[in-house]
1. Could you tell me how many degrees, from 0 to 90 and to the nearest 10, lie between the Cα long axis of helix 11-22 and the main elongation axis, the longest principal axis, of the Cα atoms of the chain?
2. For LYS59, go through the aspartates and glutamates and keep the ones whose alpha-carbon is under 16 Å away, minus same-chain ones fewer than eight residues off.
3. Can you give the net charge of the other residues whose Cβ lies under 11 Å from the Cβ of PRO8, counting K and R as +1 and D and E as -1?
4. Excluding residues on the same chain fewer than 8 positions from LYS62, give the lysines whose Cα lies under 23 Å from its Cα.
5. So how do 78-89, 55-66 stack up, highest first, on mean other-Cβ count within 10 Å?
6. Evaluated at 10 °C with a viscosity of 1.306 mPa s, what Stokes-Einstein diffusion coefficient in µm²/s does region 8-100 have when Rh comes from the Kirkwood expression over alpha-carbon pairs?
7. Using the Cβ atoms and a cut-off under 14 Å, what net charge is assigned to the surroundings of HIS85, where Lys and Arg are +1 and Asp and Glu are -1?
8. Quick check: Cα centre of region 33-51 to Cα centre of region 72-91, how many Å?
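Taken together, the values in this text are just the output of simple stated rules run on the coordinates, not laboratory data. From a predicted model like this one, the values you see are computed outputs, not experimental measurements. We place every Cβ from the backbone using ideal geometry, glycine too, and count neighbours over all the protein chains shown.
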Amino acid sequence: MTEIWHNPRCSKSRQTLAILEERGEDVVVRRYLDDAPDEATLRAVLTALAVPPIAIMRKGEKQFKELGLSADTPDNDLIAAMVAHPILIERPIVIKDGKARIGRPPESVIDIL
């Protein structure tokens, strides 16, 4: 099973989903803005990605600035911000068999399929 944290309004997210479907993946689409991950799930995905929280944040989002977040913000605070404001989570994220990739560019997910 392959899961994608998807925002249908995002072209990269749509392109990544198309790659998954073209490859015949059994895809679970999680519209993460409506079905936000909890802290434990977000931490598990960060572990699978092997990146710090700042690496999956949309730093250009208005809320990122309004919340006073930066690369110097403690990881726990960044995670709490993403849980409270899922718009801050970069998209798409694809998860399969304990591995994860950010679909930027969309082709970057292919190596975990």
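1. That works out to roughly 30 degrees.
2. Cross-link targets: ASP72, ASP75, ASP77, GLU90.
3. Its environment carries a net charge of +3.
4. Here the lysines satisfying the reach criterion relative to LYS62 are LYS12.
5. Final packing ranking: 78-89, 55-66.
6. Using the Kirkwood radius from Cα pairs, D works out to 114 µm²/s.
7. Its environment carries a net charge of -2.
8. Region 33-51 and region 72-91 have Cα centres separated by 10 Å.
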